[in-house]
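Engineer: First the structure, which I've put down as structure tokens, then a few questions once you've had a look.
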Amino acid sequence: MESLRELYRIGYGPSSSHTMGPRKASEDFISRHPDVDKVKADLYGSLAATGKGHLTDKAIREAFKRAGKEADIYWYPDVFKKYHPNCLSITSTDGSIIETYYSVGGGKIVREGDDAASQSSDVYPNDKLGSMDKMLKYCDENGMHFWEVALECEGPEILDYVKEVWAVMKDAIKRGLDGEGVLPGGLKLARKACTVHEQALSMTGALGNTLVAHSYALAVSEENAGGGEIVTAPTCGSCGVLPGALYYIQKEYKIPEVRILRALLTAGIVGNIVKTNGSISGAEVGCQGEVGVACAMAGAAVCYLLGGSIYQAEYAAEMGLEHHLGLTCDPLMGLVQIPCIERNGFACMRAIDHASYALAGDGRHKISFDDVVEVMMETGHALPSLYRETSMGGLARVYEV
């Protein structure tokens, strides 16, 4: 499995696959071919279908403009490449140079023609740690929790990185809670995090407490939708779930900062396992691979913070995936706004509930996390492309501006 640095990417929204990935591909092309001054960028499949709403063309043009170069964009939403639905080909104007990239989720790109070894930054040995069952066995034999495996494999410097990650997450919450007005893109969707937070604080009892966590997740998601700085967890479209849950638990239980960093490592291990054996790409498996995985990550992290064992954390993560199976990716106008923002809020609340439920038992349950990852992939591939980030089906089809 790769470093958690590959999972937690700091950048700007609204989409890891459609904004961060194409920008990174453009920068890679520029570094490889510095003498090319003008290119043609062909967008295929899901990358083309929702690219305008995700600012894909803007990300590509800005990358080339910063290098003093120019890019023309062409859209082919009905052409799907075999390797992955998010495909970008960049060609020099004379046709002599062409590079094809796939944006596979979480901001990661794969360049066509590279062998697997050259694209891998594995630091967790798959033979010992490449699945949840293997991870649990290793932790059990060595008396470790998930976060300790991250420290063992990546070294203490990974704590410095997740410290930066947590700082960006908290800043996004604070900006989001202060933000008001209409989000860009054409839906004329008003920001709600600020008012939801104020309403939550005025409520009494459990309802208000739960809604506070919801407001934190909304705050981050709205920042992402507005193009603000966030952290993929595991994607831009699901970036509000984990910080919302962690910030809420930290404030409620006065959790020290170092344990939040360990919780981020715990969540990262869960996300990495799905990324290795499944997918975190909405274009490949629908929103179950984004919000579902984020919910799993947050559930495990909260469970750890509240004293849960590795088995209880695995159960909380399993529920996060299981109860999002079949979730489609059907954003209105291709924007990461409806239903994405609200989904982050509700998944945040679900993650806390999953952790509570797991803590009420000893961690034993019938369906394993690895089994649900397998089912998620099977379900995602069975979904028609209409429901996998094309904006051609589902909620996106029935709504007209």
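Engineer: Quick one: length gained pulling Lys366 to Ile255 fully straight, 0.36 nm per residue minus the C-alpha distance?
Structural biologist: Stretched fully, the Lys366-Ile255 segment lengthens by 36.8 nm.
Engineer: Give me the dipole magnitude in Debye, nearest 20, for the chain about the Cα centre, with unit charges on the beta carbon: positive for Lys and Arg, negative for Asp and Glu.
Structural biologist: Taking the Cα centre of the chain as origin, the dipole is about 900 debye.
Engineer: Normalise the Cα radius of gyration of segment 123-268 by 2.2 N^0.38 Å (N = residues in it) and let me know the number.
Structural biologist: 1.20
Engineer: Provide Tyr357, Tyr138 ordered by accessible surface of protein heavy atoms (probe 1.4 Å), highest first.
Structural biologist: Result, largest first: Tyr357, Tyr138.
Engineer: Place a label point 7 angstrom from the Cα of Leu325 along the Cα-to-Cβ direction, then list the residues of segment 271-291 whose backbone nitrogen is under 15 Å away.
Structural biologist: Those under the cut-off are 288-289.
Engineer: Label point 7 Å out from Ser385 along Cα-to-Cβ: which residues of segment 42-63 have amide N under 11 Å?
Structural biologist: 44-49
Engineer: If you don't mind, another one. Just check segment 146-194 against the gyration tensor rule for me: Cα atoms, a ≥ b ≥ c as the square roots of the eigenvalues, rounded for a/c under 1.5, and otherwise prolate or oblate depending on whether a/b exceeds b/c.
Structural biologist: Because a/c hits 1.5 or more and a/b exceeds b/c, segment 146-194 counts as prolate.
Engineer: A further question on this structure: Give the lysines reachable from Lys163 as a straight Cα distance under 26 Å; neighbours fewer than 8 places away on the same chain don't count.
Structural biologist: Once the sequence-local lysines are set aside, what remains near Lys163 is Lys24, Lys108, Lys174, Lys251, Lys254, Lys275.
Engineer: For segment 353-397, just list the percent of Cα-Cα distances falling in each 5 Å bin from zero outward, please.
Structural biologist: Spelled out per bin, shortest first, that is 5, 17, 15, 15, 13, 12, 12, 8, 2.
Engineer: Nothing charged except the Cβ atoms of Lys and Arg (+1) and of Asp and Glu (-1): what's the magnitude of the dipole of segment 69-183 about its Cα centre? Round to the nearest 20 debye.
Structural biologist: The calculated dipole for segment 69-183 is roughly 280 debye.
Engineer: Find which of Gly185, Leu151, Cys139 sits farthest along the positive direction of the dipole of segment 137-192, computed with +1 on the beta-carbon of Lys and Arg, -1 on that of Asp and Glu, about the Cα centre.
Structural biologist: The listed residue farthest towards the positive side: Gly185.
Engineer: May I ask you to give the percent of accessible area on the chain that is carbon plus sulfur, with a probe radius of 1.4 Å?
Structural biologist: The nonpolar share, carbon plus sulfur, comes to 51 percent.
Engineer: Let me ask something else. Rounded to two decimals, what ratio of Rg to Rh does segment 259-401 give with C-alpha atoms and a Kirkwood Rh?
Structural biologist: Taking Rh as the inverse mean 1/r over Cα pairs, Rg/Rh reads 1.01.
Engineer: Related question: How much area per residue is accessible in segment 1-137 when the probe is 1.4 Å and only protein heavy atoms are counted (Å²)?
Structural biologist: Per residue, segment 1-137 has 44 Å² of solvent-accessible surface.
Engineer: Another question about this same structure. List the cysteines in the chain whose Cβ has no other cysteine Cβ under 4.7 Å from it.
Structural biologist: Lacking a cysteine Cβ partner under 4.7 Å: Cys87, Cys139, Cys153, Cys194, Cys236, Cys239, Cys295, Cys303, Cys340, Cys348.
Engineer: Relative to the present Cα-Cα distance, how much length would full extension add between Phe346 and Ala67 at 0.36 nm per residue of separation?
Structural biologist: 96.3 nm
Engineer: A further question on this structure: Given +1 on the Cβ of Lys and Arg, -1 on the Cβ of Asp and Glu, and no further charges, what dipole in debye does segment 226-361 carry about its Cα centre, rounded to the nearest 20?
Structural biologist: 340 debye
Engineer: Between Val398 and Asp122, what is 0.36 nm times their sequence separation minus the Cα-Cα distance? Round to one decimal in nm.
Structural biologist: Here the answer is 95.1 nm.
Engineer: Kirkwood hydrodynamic radius, computed over distinct alpha-carbon pairs, for segment 44-137: how many Å, to one decimal?
Structural biologist: For segment 44-137, inverting the mean 1/r across all distinct Cα pairs yields 15.6 Å.
Engineer: For the chain, what relative contact order do you get, as a whole percent, if you take Cα pairs closer than 8 Å and at least 6 residues apart?
Structural biologist: Value for the chain: 19 percent.
Engineer: If we sort 37-44, 185-192 on the protection proxy, mean other Cβ atoms within 10 Å, highest first, what's the order?
Structural biologist: In descending order of packing, they fall as 37-44, 185-192.
The values are calculated or read from the model by the stated rules, or taken from the named source; none is laboratory data. None of these values were measured; they are calculated from a predicted model. Note: ideal-geometry Cβ built from the backbone for every residue, glycine included; neighbour counts use all protein chains shown. Note: areas computed on protein heavy atoms with side chains; ligands, DNA, RNA excluded. Shrake-Rupley method; radii C 1.70, N 1.55, O 1.52, S 1.80 Å.
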